């Protein structure tokens with residue numbers, strides 16, 4: 001058990017280093033660097049000035065030295081300094097990570113819960129109207145691109161029927177820290193979370209429907225019925241717990257996808273999270289910030305996978321080691 | 001004679017295949033007395049298992065349903081009974097042990113819980129009482145150190161142990177009828193003998209009637225009082241077990257008994273070639289054709305067999321057979 005945990009930790013560290021190195025190298029290969037962007041905003045500079053700036057940022061050194069230094073700093077908890085925002089990257093990210101986590105977990109969690117409920121219900125009445133509706137909706141959810149759904153939702157729920165705000169996370173007139181502030185954030189959260197979560201809602205309703213249909217045909221569900229257990233016990237105690245196993249597996253795997261989806265959704269809805277920050281730093285060649293965000297995203301995915309593992313072991317006693 | 005514990009009358013079970021509905025079990029009637037052991041014999045696909053499921057109202061629906069007849073348990077007709085009524089009987093008055101011990105237990109709950117919940121649902125026992133009862137049952141079915149085993153999950157037990165757990169679940173409410181559907185098919189021969197010993201021992205203790213479904217004639221000879229042979233969804237022969245083994249009347253029954261391989265004792269003997277009944281059980285789609293369903297495979301088939309279906313006729317004390325040959329003999 002301890003050996004397994006140690007091995008896992010070692011794997012995680014190696015994985016994170018690989019992510020850092022790979023990202024660093026990829027950004028290096030892309031045209032443009034922070035100095036060019038900075039010079040562009042300053043309105044031009046002499047070659048000497050540019051060379052001086054490059055030396056100041058350490059960009060004149062060979063790539064492996066740059067990567068080595070960066071890794072060493074990260075190991076000490078220092079993600080570097082963003083010259084564009086004039087702040088340490090760590091504090092920049094910590095400012096923005098809250099809204100992103102709020103958006104991503106709301107979207108994913110509601111997709112899982114609502115999707116599972118829909119799937120479980122439609123699995124029991126396979127030829128009902130609800131069941132067909134779930135199938136059609138999930139197909140539509142699968143096929144439509146996220147940004148298009150976002151725009152359509154804005155048109156429907158903010159323009160045609162103006163009940164939801166189009167962008168941002170808060171209204172300026174609501175004071176922070178009050179009960180109304182929480183409601184206000186929730187109000188702003190609906191559209192982006194819906195846009196981000198819809199495809200996963202579609203996915204989980206299909207997945208749990210298929211899984212539930214399969215489980216309902218197993219021998220142990222027949223045993224449960226033969227024991228004379230009431231229907232709700234057969235469904236919610238014996239079938240559901242087995243049927244959610246694939247849902248948990250996929251939720252863990254897809255967390256990374258949801259984060260990358262968040263970049264798009266945050267940009268569309270001007271949600272002040274990591275996604276918007278990432279988008280801006282790409283435009284501004286703010287590589288330090290971008291690298292920091294990528295590192296944090298990888299970290300979140302790793303943490304989420306560990307959490308999934310723990311949940312999975314709690315649900316399924318057959319998984320004990322490794 | 002008092003009314004039997006269970007009386008099945010003209011049972012018909014139909015399955016919808018595509019647009020057509022076919023009866024896979026037809027005109028099936030039999031009785032089961034208290035404490036009696038009835039064997040139901042036949043090849044796979046003869047309708048044995050589906051008949052067993054129908055006794056608990058568990059015929060998968062759709063596509064299947066009980067389309068005619070009565071299943072009278074202590075005078076109450078289980079055909080058309082509500083789910084609530086059936087749930088009071090399932091696992092409590094009539095319980096069932098299935099063929100597949102490896103997959104019949106829920107992998108995510110401990111075996112103790114799976115026994116205990118049955119007691120909780122039917123007796124309204126508290127958690128602690130039900131758990132104690134579960135341990136008692138595990139002890140009864142011969143599982144060593146039951147206090148520890150109760151905390152085990154099914155995957156931690158062998159096939160034989162799991163089948164013992166299934167038997168514990170089936171017997172926890174001391175049912176009047178235990179249906180065992182090929183309970184040892186998936187187990188080793190040595191374990192099979194243990195399980196059947198256990199059945200006999202528990203039958204003495206609890207006094208339940210047993211319906212034993214099997215294709216193993218040897219098991220029938222050892223375990224049952226009375227035998228019913230099914231072919232293509234119908235009962236074709238029935239009688240006390242002794243007469244059945246000594247003097248089988250239906251060609252199909254004779255075929256089944258001849259299929260038992262014999263060990264040759266002296267080394268110089270060449271082993272007898274294995275006997276087989278040529279052909280296969282008709283598929284559900286082929287049911288309902290005129291004539292005896294066994295005629296295409298029967299070594300004694302006559303012209304009449306192919307056009308007219310023989311009815312079940314009594315041929316002695318408690319015996320009946322559905323074959324035209326009997327009439328020839330009688331005439």
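The values are calculated or read from the model by the stated rules, or taken from the named source; none is laboratory data. The structure presented is a predicted model; accordingly, all values stated were derived computationally and were not measured. Note: ideal-geometry Cβ built from the backbone for every residue, glycine included; neighbour counts use all protein chains shown.
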Residue in the range A:123-134 that is within 24 Å of the chain's Cα centre (by Cα), over 23 Å from residue A:199 (Cβ atoms) and in contact (Cβ under 8 Å) with a residue 40 or more places away in the chain present: no
Members of the range A:30-59 found to be exposed (fewer than 13 other Cβ atoms within 10 Å of the Cβ) and outside any helix (DSSP H, G or I), listed by number: A:30, A:31, A:32, A:43, A:44, A:46, A:58
Answer from B:164, B:149, B:133, B:88 - the residue that is buried (at least 20 other Cβ atoms within 10 Å of the Cβ) and under 23 Å from the mean Cα position of the chain (by Cα): B:164
Elements of type helices (runs of 4 or more DSSP H) in the range B:121-226, at least 3 residues being within 14 Å of chain A (Cβ to nearest Cβ) and in contact with a strand residue (DSSP E or B) (Cβ under 9 Å, 6 or more places away or on another chain): B:159-171
Total residues in the range B:63-94, condition within 14 Å of chain A (Cβ to nearest Cβ) and touching a strand residue (DSSP E or B) at 6+ places or on another chain (Cβ under 6 Å): 5
Count - residues of the range A:225-238 that are out of contact with any strand residue (DSSP E or B) (no Cβ under 8 Å at 6 or more places or on another chain), crowded, with 18+ Cβ neighbours inside 10 Å, within 7 Å of chain B (Cβ to nearest Cβ) and not in a loop (DSSP other than H, G, I, E, B): 1
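Within the range B:1-61, considering only strands (runs of 3 or more DSSP E) that don't extend past its boundaries, which have at least 2 residues that are farther than 25 Å from residue B:216 by Cβ? Walk me through it before giving the result.
On the way: elements: B:6-17, B:20-32, B:37-41.
Those strands (runs of 3 or more DSSP E) span B:6-17, B:20-32.
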Pair list, Cβ < 8 Å and 6+ apart or interchain, from the range A:239-256 residues that are within 12 Å of another protein chain (Cβ to nearest Cβ) and buried (at least 18 other Cβ atoms within 10 Å of the Cβ) to residues that are modelled with pLDDT of 90 or more and not in a helix (DSSP H, G or I): A:242/A:218; A:242/B:106; A:242/B:107; A:242/B:108
Residue in the range A:192-215 that is closer than 16 Å to residue A:119 by Cα, within 12 Å of chain B (Cβ to nearest Cβ) and surrounded by 20 or more Cβ atoms within 10 Å (Cβ to Cβ) present: yes
Failed item, numbered, when residue A:259 is tested on (1) crowded, with 24+ Cβ neighbours inside 10 Å; (2) within 14 Å of another protein chain (Cβ to nearest Cβ); (3) touching a residue at least 12 places away in the same chain (Cβ under 8 Å): (2)
Options A:158, A:171, A:167: the member that is touching a residue at least 12 places away in the same chain (Cβ under 8 Å), in the same structural domain as residue A:113 (by TED's automatic domain parsing), over 29 Å from residue A:240 (Cβ atoms) and in a helix (DSSP H, G or I): A:158
Of the criteria (1) surrounded by 17 or more Cβ atoms within 10 Å (Cβ to Cβ); (2) out of contact with any strand residue (DSSP E or B) (no Cβ under 8 Å at 6 or more places or on another chain); (3) within 14 Å of chain A (Cβ to nearest Cβ), which one residue B:99 fails: (2)
